[in-house]
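Worksheet for the structure shown next.
The values are calculated or read from the model by the stated rules, or taken from the named source; none is laboratory data. No experiment lies behind these values; they were computed from the predicted model shown. With ideal geometry, Cβ positions are generated from the backbone for all residues, glycine too; neighbour counts draw on all protein chains shown.
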Amino acid sequence: MSKGTGGTLSVMWQGITRSPSGFTGMCLVAAILIFVFGGRFLVDHHNPTDADAIWKPMSGAHWLGTNFEGKDTFTKLVLGGAEPIWVGALAAVVTVIIAVVLGALAGYLRGRFDDLVLQLTDITMTMPFITVLIIIASYFREISPWMVGLIIGLLTWPFLTRSIRAQVLSLKEREFIEAAQLQNLGTMRIVFVDILPNMAGYIFINFIIAVTNAIYAIVGLYLLGLLPSTAENWGLMIQQAWQNSAYLLPRALPFLLAPLAMIALFQVGLVLMTRSLEQALNPRLRDR
Amino acid sequence: MTEPILSVRDLSIMYTTGRKTGVTAAADVSFDLYPGQSMALVGESGCGKTTLGLGLLRLLPRLGKVSSGEIVYRFKDGMSLDILRLGKEDLRKFRWHEAAMVFQGAMNSFNPVLRIGEHFTDTLRSHEGGERRLTRADIAERAAELLRMVRLEPARVLRSFPHELSGGMKQRILIALALALEPQVLVLDEPTTALDILTQRSIVEQLHELRERLGFAMVFITHDLGLAAELADRVATMYAGRIIETGTAEDVFYEPRHPYTVGLIKAVPPVVGDLPELSSIPGSPPSLADLPSGCSFHPRCGYVRDECTGTRPELTVLTERALDEGHAAACLRAGEIEYTRKVVASA
Amino acid sequence: MPEPRIPAPRRPEAGTTLLELTGVEQTFHTKRGDVPAVAGVDLTVRAGKVLCLVGESGCGKTTTARAAAGLTRPTAGTVRFRGSDVSTLDAKGRQEFREAVQYIHQDPYASLNPVRTVYSTVTAGLRRHGHVRDRAEARRKAAELLERVDLTPAESYLDKYPHQLSGGQRQRVAIARALAMDSEVLIADESTSMLDVSIRVSLLNTLGRLRDQLNVGFLFITHDLAVAKYFAWDGDIAVMYLGRIVEQGPTPQIINDPQHPYTKALISAVCEPDPRLARAKKAVRLRGSEIPSLTELPNGCTFHPRCPLFEADTCDSAAPPLSLLDGGTRLLACHVVARDHEQAGVG
């Protein structure tokens with residue numbers, strides 16, 4: 001039995017900081033977040049096209065060289081991170097909110113509402129996610145990345161909904177829930193105040209997983225050239241590098257590899273964090 | 001004079017947990033078990049009784065280690081065996097041929113996908129003697145004999161899976177399995193806990209009968225004073241990892257000399273006879289990681305004096321007896337402890 | 001300026017009938033067929049009195065308790081609270097019933113929400129139903145409740161989480177929660193069985209005070225006859241077997257002079273915490289040790305395959321009615337004993 005206030009938060013914090021891989025993951029994620037959101041204030045947002053400086057190699061002036069338009073790759077790398085991360089987070093928030101509300105109520109109330117939710121999850125799950133996204137994206141050429149995030153969120157909730165429903169089904173049989181019912185505490189309070197906090201860690205882990213999935217999806221869409229090329233974006237960088245055959249030109253490689261590396265490192269960081277979180281939270285769930 | 005079959009001297013068992021220093025779950029435990037004798041280790045949860053029981057057969061979990069002391073087993077011919085020095089193979093032999101354990105929680109001691117018959121085959125096969133291989137018929141015969149000994153119907157039981165049997169039946173099968181190689185010492189951890197009252201009774205009677213017939217000695221661990229009164233020749237009370245009182249069942253139940261034993265007895269209601277007043281021991285048992293100074297019981301003790309907080313009392317013999325250590329208690333004021341029970345309503 | 005104390009609630013007068021079960025049946029429909037867990041039970045819980053329901057696991061005592069607490073709806077029969085049928089209550093009546101009749105689970109490790117503090121757990125109902133105006137009042141009320149169940153100093157417990165408490169302390173928190181809305185009936189389902197002896201007694205003493213000072217009526221479920229005897233000495237004991245009550249009456253009568261062969265067997269099976277008594281005791285021998293399955297109940301008296309008094313044609317033809325023995329205070333359901341008493345009375 002652990003001492004201290006012992007909330008889920010402190011268990012999660014310990015889970016991350018005490019395991020070497022979790023700590024590495026957290027450092028990676030933090031470093032990339034600082035790079036992206038702190039870097040914005042340090043680089044010159046004015047990054048003009050320069051016909052004389054196309055595909056320059058790495059140098060003091062251009063740390064990662066320049067791209068096919070002669071723009072500074074490093075600047076693009078700094079500025080291109082915010083969008084996929086925000087969009088990923090938005091998609092994850094949408095998914096988690098829908099999943100938590102529908103899953104928890106369906107599991108607790110059962111009956112007709114449960115049937116309805118299950119039908120909805122079945123229908124949504126059978127929709128081929130990437131295909132739907134491609135159709136929507138190619139139909140609305142001017143679609144904003146935020147809309148994409150929203151759509152990803154609206155399409156990816158069924159899996160989490162099902163697993164939250166399953167957990168609520170088992171949690172609601174626990175005696176402390178029956179004790180809450182004996183106090184006539186009301187459905188909403190029992191579901192959202194008594195049951196859900198017991199799954200906080202699980203929900204948080206799934207939030208992170210949803211972020212990683214959404215980032216993959218949006219980067220993939222850019223890579224396929226299905227999203228308008230307006231803002232700075234890592235996915236867009238990769239697509240442009242690909243289109244301009246940067247992989248054939250050794251000095252152009254940073255423009256292709258740098259955004260790839262950033263995405264990969266960010267995802268690895270998140271995955272390492274979730275792994276150690278799962279380890280920290282699971283024995284506790286079993287113990288109860 | 002008869003020699004003890006099992007002699008435990010100054011046995012201490014430590015658990016190492018994480019980065020913290022070790023926790024002593026059993027400290028300086030000494031006792032002798034004589035052939036055919038039945039001894040109860042009683043105490044509340046967390047007092048170290050289960051650890052001690054497991055330690056006797058070196059069945060401690062990975063984090064547990066015997067940190068000092070010795071356990072000596074004596075064969076009938078006078079040869080002795082230092083249990084703590086045994087190698088892997090010898091230990092395995094010792095564990096079924098000389099001493100066997102019946103674990104707590106009959107439910108979890110079986111492999112759920114094996115029929116009971118296969119459990120017997122496994123046990124008998126892994127310990128067969130060198131001369132000749134046991135045939136299937138030998139095993140079936142021996143298993144049937146063992147099951148009949150605990151009044152179960154072999155034909156039906158051997159074919160059953162564990163989940164098809166009741167808790168009481170499983171407990172009996174565990175006892176039968178433990179007796180498979182005719183050990184001289186049986187260690188039982190909470191043999192009747194979680195069983196219904198009539199099932200408890202039949203297990204108790206079974207144990208009486210088997211002991212009479214096979215003559216093994218028995219150490220059983222229990223929190224149930226009723227079971228101790230029923231089955232034990234000797235009772236040892238444990239508190240915070242130490243034996244704090246030991247004596248014959250009559251000594252301990254009728255003239256307890258340690259305030260903790262008195263407290264335990266006064267907390268147990270009898271069914272037959274008058275309704276006595278029951279009282280509880282104030283406070284709660286200390287954490288083994290953070291024991292009070294001197295006598296570990298002093299913060300909860302009604303007899304506490306200044307010296308109790310500084311000196312830890314040794315287990316001291318109060319009444320000498322032929323054989324074993326007589327009636328002993330670890331209390332500086334053992335001589336003054338009075339045990340009376342107030343009757344609230346008479347029968 | 002100190003806030004005035006919350007006035008003590010009006011408590012029902014001792015002996016008032018609070019909860020009445022009439023002909024309660026509970027049949028579960030399963031794949032293997034219908035399971036009649038409770039087959040017609042009549043019980044009355046009175047203010048300041050204890051009604052103790054004893055029996056082995058599977059006898060239907062927990063199912064009865066859950067129906068009494070309104071946790072399940074019986075398949076037949078009625079549960080009345082202060083005279084009105086619980087199944088037909090309107091929202092207001094339902095709320096009153098919910099506040100007045102509370103249920104305490106067996107396992108204090110499972111019945112407290114691990115993410116809520118003691119304060120939050122104890123006052124959830126008060127806050128929800130507007131019994132307290134603000135946080136300060138809620139905390140004061142929570143402290144009062146904790147003191148009522150002997151968790152002192154209450155302030156030191158309010159902000160603790162369940163995992164920081166011992167089993168006994170948790171169970172006290174569960175009882176404080178049950179008392180929060182001035183409940184009149186506590187239904188305690190094996191609420192002390194998971195606790196160590198000393199903690200169990202102190203909890204029973206606390207419950208006894210609630211019974212005597214606040215006139216709380218108890219439906220107390222236990223398998224432990226010694227606990228039943230101690231806690232229900234001034235109340236009644238009802239012995240259940242396979243969904244039916246087989247004997248019921250004032251505790252001293254049932255414990256000291258049991259009449260039903262099943263009650264006799266149960267009482268004689270208890271291990272007495274007294275070595276001489278234990279050795280002298282003769283346990284009633286039953287004809288069979290296995291409890292019949294609820295899906296294949298024996299004809300007539302369901303106890304007949306195990307009963308030492310079994311008489312062919314009498315016991316296996318019709319189920320014995322539960323009727324007053326010798327016009328006294330004891331209810332009994334046994335053909336043989338009832339007949340013998342009648343003949344002795346006539347002769």
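What the table below lists for this structure:
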{"item": "Condition met for C:Val185 (within 17 Å of the chain's Cα centre (by Cα) and at the interface with another protein chain (Cβ under 10 Å from one of its Cβ atoms))", "result": "no"}
{"item": "Filter result (touching a strand residue (DSSP E or B) at 6+ places or on another chain (Cβ under 7 Å) and under 18 Å from B:Thr121 (Cα atoms)) within the stretch B:180-213", "result": "B:Pro183"}
{"item": "Residues satisfying the stated conditions in the stretch C:79-119, i.e. of a type in the set (S, T, N, Q) and at the interface with another protein chain (Cβ under 8 Å from one of its Cβ atoms)", "result": "C:Gln95, C:Gln102, C:Ser111, C:Asn113"}
{"item": "Any hit, the stretch A:174-192, residues being of a type in the set (Val, Ile, Thr), touching a residue at least 40 places away in the same chain (Cβ under 8 Å), closer than 30 Å to C:Val173 by Cβ and in contact with a helix residue (DSSP H, G or I) (Cβ under 6 Å, 6 or more places away or on another chain)", "result": "yes"}
{"item": "Wholly within the stretch B:25-121, strands (runs of 3 or more DSSP E) carrying at least 2 residues that are within 28 Å of B:Cys295 (Cα to Cα) and touching a helix residue (DSSP H, G or I) at 6+ places or on another chain (Cβ under 8 Å)", "result": "B:38-42, B:64-74"}
{"item": "Matching residues in the stretch B:264-291 - criterion: being within 21 Å of B:Gly48 (Cα to Cα) and either within 7 Å of another protein chain (Cβ to nearest Cβ) or β-branched (Val, Ile, Thr) (or both)", "result": "B:Leu264, B:Ile265, B:Ala267, B:Val268, B:Ser280, B:Ile281, B:Ser284"}
{"item": "Selected residue (only one of C:Leu286, C:Leu322, C:Leu309, C:Leu277 is outside the structural domain of C:Gly55 (by TED's automatic domain parsing), aliphatic (A, V, I, L, M) and in contact with a strand residue (DSSP E or B) (Cβ under 7 Å, 6 or more places away or on another chain))", "result": "C:Leu322"}
{"item": "Selected residue (criterion: nearest to the other protein chains (Cβ to nearest Cβ)) from residues of the stretch A:158-176 that are under 27 Å from the mean Cα position of the chain (by Cα) and of a type in the set (Ser, Thr, Tyr)", "result": "A:Ser163"}
{"item": "Members of the stretch B:271-298 that are assigned to a loop (DSSP other than H, G, I, E, B) and hydrophobic (A, V, I, L, M, F, W, C)", "result": "B:Val271, B:Val272, B:Leu278, B:Ile281, B:Leu288, B:Ala289, B:Leu291, B:Cys295, B:Phe297"}
{"item": "Enumeration of residues in the stretch B:178-208 that are closer than 21 Å to B:Ile83 by Cβ and not polar (S, T, N, Q)", "result": "B:Ala178, B:Leu179, B:Ala180, B:Leu181, B:Glu182, B:Pro183, B:Val185, B:Leu186, B:Val187, B:Leu188, B:Asp189"}
{"item": "Residue count, the stretch A:99-125 (criterion: surrounded by fewer than 21 Cβ atoms within 10 Å (Cβ to Cβ) and either touching an Asp or Glu at 6+ places or on another chain (Cβ under 8 Å) or small (Gly, Ala, Ser) (or both))", "result": "1"}
{"item": "Check on C:Tyr241, in contact (Cβ under 8 Å) with a residue 12 or more places away in the chain and within 14 Å of chain B (Cβ to nearest Cβ)", "result": "yes"}
{"item": "Among residues of the stretch C:128-162, those that are assigned to a helix (DSSP H, G or I), within 12 Å of chain A (Cβ to nearest Cβ) and surrounded by fewer than 18 Cβ atoms within 10 Å (Cβ to Cβ), counted", "result": "1"}
